[in-house]
Amino acid sequence: MSNEFKEHLGSGMSNTLMGYYIDMMSKIEKSIFDEAFDKIDITLSQFKVLNWLWRKGPLTQKEIHNYVNIKPSSLTKMLDILIKKGLVERESDPDDARIKIVKATEKAAAIEHDAWDVVINFDQRIRSILSEEEYEMTINSLRKLTEELK
């Protein structure tokens, strides 16, 4: 890192580094979602798994891992929790017992509407703060950064 860049930052790193605000927004988002999802006994991370099962139907653990992008060991633990809650079922693929297929249960289907209300309410809150132009610009900028930096 050049000295010029460090001098530009000065003592106010939080005022100039985009990563600081991305990290803070991620923490705020997780806190808001987890508080709201607590009413239906799931977390934001669990919603992300359920979301893909609701959208795609039964998936292998590997497919869920690819969609949600969490470590396989963390996914296994999360699925164990969702199974205990009665929200998903996991079974072996009839053609290959090493492959585990996960599907949402009727109990999960019963909370889908309430879960999506949480997401929609959060999005509406963001839209109430930003203009439509700011909202679209932010989404496009974050999408571009995500695609280029992964």
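The residues of segment 28-44 that are out of contact with any Asp or Glu (no Cβ under 9 Å at 6 or more places or on another chain) and of a type in the set (Ser, Thr, Tyr) amount to a single one, Ser31. State the number of residues belonging to segment 49-66 that are modelled with pLDDT of 95 or more and under 23 Å from Lys30 (Cα atoms). Result for segment 49-66: 8.
Among the residues of segment 72-112, the ones that are surrounded by fewer than 16 Cβ atoms within 10 Å (Cβ to Cβ) and touching a His at 6+ places or on another chain (Cβ under 8 Å) come to 1 in all. Where residues in segment 55-71 are surrounded by 15 or more Cβ atoms within 10 Å (Cβ to Cβ) and under 14 Å from Ser45 (Cα atoms), which of them is nearest to the chain's Cα centre (by Cα)? That would be Val68. Residues in segment 113-150 that are surrounded by 12 or more Cβ atoms within 10 Å (Cβ to Cβ) and under 16 Å from Gly19 (Cα atoms): Thr138, Ile139, Leu142, Leu145.
The values are calculated or read from the model by the stated rules, or taken from the named source; none is laboratory data. All values reported here derive from a predicted model rather than from experimental measurement. Quick reminder, even Gly has a Cβ in these numbers, built from the backbone with ideal geometry, and neighbours come from all protein chains shown.
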